[in-house]
Amino acid sequence: MTIEQEFFNQYRLMYRPFINQLNVQLEPYQLYSSQWAVLRFLKDKGPHSFVDIANFMSIEKPSVTKLVHKLVELGYVETMMGKDKREKLVHLSKHGEELVLEIKSHLNPFFVQALAGVPKQDIDIATQVLARICMNIN
């Protein structure tokens, strides 16, 4: 196996168990990791259109519509008209704003435990490496 193949194999072996455990952590909030990604995006970047969210997550707009519909149902986000009447913007509700902070706090021990024994310098390097790979792929 080449070093490149081994790298992506290790990534694959880490990714699914990580997402599965993240979903377990998010269960009390009736969320899945993809919904959590939308909430974090809106918290970090402010109101955005369905198309912006789809592009950020690299998924199709109908999938975003389904994700957002569920988040509206839960009271975590709201939609509003954009500048153009055809465009809807999604933003965190007041409840959603508070919830994101609560979930971030709830998830922190999980992330700390997942990275236990990994030096901060290695985490920084891995973050940069993954960002670069993402740029290369896109």
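Any chance region 62-74 includes a residue that's part of a helix (DSSP H, G or I), open to solvent by 90 Å² or more (accessible area, probe 1.4 Å) and under 16 Å from Lys94 (Cα atoms)?
Within region 62-74, the first condition is being part of a helix (DSSP H, G or I), and the residues that meet it are 62-73.
Imposing the further condition that a residue be open to solvent by 90 Å² or more (accessible area, probe 1.4 Å) reduces the set to 62, 66, 69, 73.
Among the residues that remain, those that are also under 16 Å from Lys94 (Cα atoms) are: 73.
Scanning region 62-74, I find at least one residue that is part of a helix (DSSP H, G or I), open to solvent by 90 Å² or more (accessible area, probe 1.4 Å) and under 16 Å from Lys94 (Cα atoms), so the answer is yes.
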Residues in region 89-99: is at least one in a helix (DSSP H, G or I), touching a strand residue (DSSP E or B) at 6+ places or on another chain (Cβ under 9 Å) and aliphatic (A, V, I, L, M)? yes
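Conditions (1) closer than 25 Å to Leu39 by Cβ; (2) of a type in the set (A, V, I, L, M), marked per residue:
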{"position": "Lys85", "(1), (2)": "no, no"}
{"position": "Leu89", "(1), (2)": "yes, yes"}
{"position": "Lys94", "(1), (2)": "yes, no"}
{"position": "Glu98", "(1), (2)": "yes, no"}
{"position": "Glu102", "(1), (2)": "yes, no"}
{"position": "Asn108", "(1), (2)": "yes, no"}
{"position": "Asn138", "(1), (2)": "yes, no"}
Sole miss for Glu4 among (1) open to solvent by less than 20 Å² (accessible area, probe 1.4 Å); (2) out of contact with any His (no Cβ under 8 Å at 6 or more places or on another chain); (3) in a helix (DSSP H, G or I) is condition (1)
Need pairs with beta-carbon distance below 8 Å; first residue without any contact (Cβ under 8 Å) to a residue 24 or more places away in the chain and within region 23-39, second among the aliphatic types (A, V, I, L, M); sequence gap 6+ or separate chains. Tyr32/Leu26; Ser33/Ile19; Ser33/Leu22; Ser33/Leu26; Ala37/Met57
Considering region 100-133 alone, what residues qualify as being in a helix (DSSP H, G or I), open to solvent by less than 90 Å² (accessible area, probe 1.4 Å) and not hydrophobic (A, V, I, L, M, F, W, C)? Lys104, Ser105, His106, Asn108, Pro109, Asp122, Asp124, Thr127
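The values are calculated or read from the model by the stated rules, or taken from the named source; none is laboratory data. As the structure is a prediction and not an experimental result, all values here were calculated from the model. Quick reminder, even Gly has a Cβ in these numbers, built from the backbone with ideal geometry, and neighbours come from all protein chains shown. The accessibility values were calculated without ligands, DNA or RNA, using every heavy atom of the protein model including side chains. Shrake-Rupley method; radii C 1.70, N 1.55, O 1.52, S 1.80 Å.
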